[in-house]
Amino acid sequence: MTPRKIIIDTDPGQDDAAAIMLALASPEVDVLGITAVAGNVPLALTSRNARMITEICGRADIKVFAGADKPLRRNLVTAEHVHGKTGLDGVEPFEPGRPLEPGHAADFIIETLRAEPAGSVTLCALGPLTNIATVFEKSPDVVRLIKEIVLMGGGFFEGGNITPSAEFNIYVDPEAADVVFQSGVPITMMPLDVTHKVLTTRARVDRLRANGNRASMAMADMLEFFERYDEQKYGTDGGPLHDPTVIAWLLDPAMFTGRKCNVEIETGSELTLGATVIDWWKVTKRPENAFVAREVDADRFFDLLIERLGRL
Ligand code: RIB
Ligand code: CA
């Protein structure tokens, strides 16, 4: 079976690290490159962290590009309170052996979309959507060349995490999210409604660590730092492992259920800025612009994640 070509746009972030590791461990996907965006921590760190992760996986061959260092039209909001100062707290930071690729992430995405067969490249968005919106604004011709955007972001029944009504990735750059959701590109959305059902319980982290290889041990260390914030906030055993749901969708979509809905982004109200208004019950006639996942088989998800990371 021909591997699915993907570009991962990311703001590592421990959960981004889990997503990148899952992709690099899975022969079903071909990672054409990784593009870093400012989000959980500033761009200088997200672009370094992405290369730390590829090196930990023994995949320093993967190209990493730096993209936007701030949202389209707002100041950057970061999440060190969740991810720590480095963005990958839990592992000792190091300077990766491979430097960043020259050029802007958006230009890499544009050039790749134009070079590959139309409809063959999937964009996997794990952070604020600034890089992808920049691509659409700079080169609208490439929008039709994208196979699908699979993104972690938003929330509806679960509310928000950075504000009562907004999820972090959308909240940081709501204008970028609006550009993406209005673009007409096929979108699959992994909101908090589904990511809050995949918790890094003690038993699951112990199973991951028991793989014994470098990537699994590093991931277990990162999760033990990352989960503490959400465990205190939600009173749960473990925290939600958001971003790898994007890659799991590509590998085993049957573990998810959801429906096509209209999704609109709040960009005007300060109170509800970044809210994803999901017309789950179809009370409007607005176009169904996204497949929204709501349920997931969490055991199947972690069985996949743990087995695959053990291969690295
Ligand atoms: O709200 C969770 C999302 O925000 C995840 O992608 C996490 O990495 C942060 O970017
Ligand atoms: Ca992320």
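The values are calculated or read from the model by the stated rules, or taken from the named source; none is laboratory data. These numbers come from a predicted model, not from an experiment. Note: ideal-geometry Cβ built from the backbone for every residue, glycine included; neighbour counts use all protein chains shown. Just the protein is used for accessible areas: all its heavy atoms, side chains included, with ligands, DNA and RNA removed. Shrake-Rupley method; radii C 1.70, N 1.55, O 1.52, S 1.80 Å.
Checked across segment 78-99, the condition of being within 17 Å of LEU129 (Cβ to Cβ) and within 16 Å of ligand 1 (Cβ to nearest atom) holds for at least one residue.
Is it true that ALA23 is in a helix (DSSP H, G or I), of a type in the set (A, V, I, L, M), open to solvent by less than 10 Å² (accessible area, probe 1.4 Å) and within 12 Å of ligand 1 (Cβ to nearest atom)? Against the criterion (in a helix (DSSP H, G or I), of a type in the set (A, V, I, L, M), open to solvent by less than 10 Å² (accessible area, probe 1.4 Å) and within 12 Å of ligand 1 (Cβ to nearest atom)), ALA23 does not qualify. Among the residues of segment 164-176, the one identified as part of a loop (DSSP other than H, G, I, E, B) and more than 20 Å from TRP280 (Cβ to Cβ) is ASP173. Residues satisfying the criterion are absent from segment 146-154 (criterion: open to solvent by 20 Å² or more (accessible area, probe 1.4 Å), away from ligand 1 (no atom under 14 Å from the Cβ) and not in a strand (DSSP E or B)). Of all the criteria given as (1) closer than 19 Å to GLY274 by Cα; (2) out of contact with any Gly (no Cβ under 9 Å at 6 or more places or on another chain), the one not satisfied by GLY160 is (2).
Annotation: PRO128 fulfils all but one of (1) open to solvent by 30 Å² or more (accessible area, probe 1.4 Å); (2) assigned to a loop (DSSP other than H, G, I, E, B); the unmet one is (1).
Taken together, the residues in segment 26-57 that are hydrophobic (A, V, I, L, M, F, W, C) and part of a helix (DSSP H, G or I) amount to 7. Which one of the conditions (1) open to solvent by less than 20 Å² (accessible area, probe 1.4 Å); (2) at pLDDT 95 or above; (3) within 16 Å of ligand 2 (Cβ to nearest atom) does LEU76 fail to meet, given that it meets all the rest? Of the numbered conditions (1) open to solvent by less than 20 Å² (accessible area, probe 1.4 Å); (2) at pLDDT 95 or above; (3) within 16 Å of ligand 2 (Cβ to nearest atom), the odd one out for LEU76 is (1).
Tally the residues that are aliphatic (A, V, I, L, M), away from ligand 2 (no atom under 12 Å from the Cβ) and in contact with a helix residue (DSSP H, G or I) (Cβ under 6 Å, 6 or more places away or on another chain), restricting the search to segment 147-161. Counting residues in segment 147-161 that are aliphatic (A, V, I, L, M), away from ligand 2 (no atom under 12 Å from the Cβ) and in contact with a helix residue (DSSP H, G or I) (Cβ under 6 Å, 6 or more places away or on another chain) gives 1. Could you check, for segment 59-77, whether at least one of its residues is out of contact with any Ser or Thr (no Cβ under 9 Å at 6 or more places or on another chain) and of a type in the set (A, V, I, L, M, F, W, C)? Yes: segment 59-77 contains one or more residues that are out of contact with any Ser or Thr (no Cβ under 9 Å at 6 or more places or on another chain) and of a type in the set (A, V, I, L, M, F, W, C).
Only one entry of ASP237, ASP206 meets the criterion of being away from ligand 2 (no atom under 15 Å from the Cβ), farther than 25 Å from GLU295 by Cβ and more than 19 Å from the chain's Cα centre (by Cα), and that entry is ASP206. Can you work out which of the residues in segment 9-31 that are out of contact with any helix residue (DSSP H, G or I) (no Cβ under 6 Å at 6 or more places or on another chain) and within 21 Å of ILE146 (Cβ to Cβ) is farthest from ligand 2 (Cβ to nearest atom)? Checked segment 9-31; the qualifying residue farthest from ligand 2 (Cβ to nearest atom) is ASP30. Residues in segment 197-250 that are within 15 Å of ligand 1 (Cβ to nearest atom), open to solvent by 10 Å² or more (accessible area, probe 1.4 Å) and of a type in the set (A, V, I, L, M, F, W, C): 3 in all. Could you run through segment 177-199 and say how many residues are assigned to a helix (DSSP H, G or I) and in contact with a strand residue (DSSP E or B) (Cβ under 8 Å, 6 or more places away or on another chain)? Going through segment 177-199 one residue at a time, the tally reaches 8.
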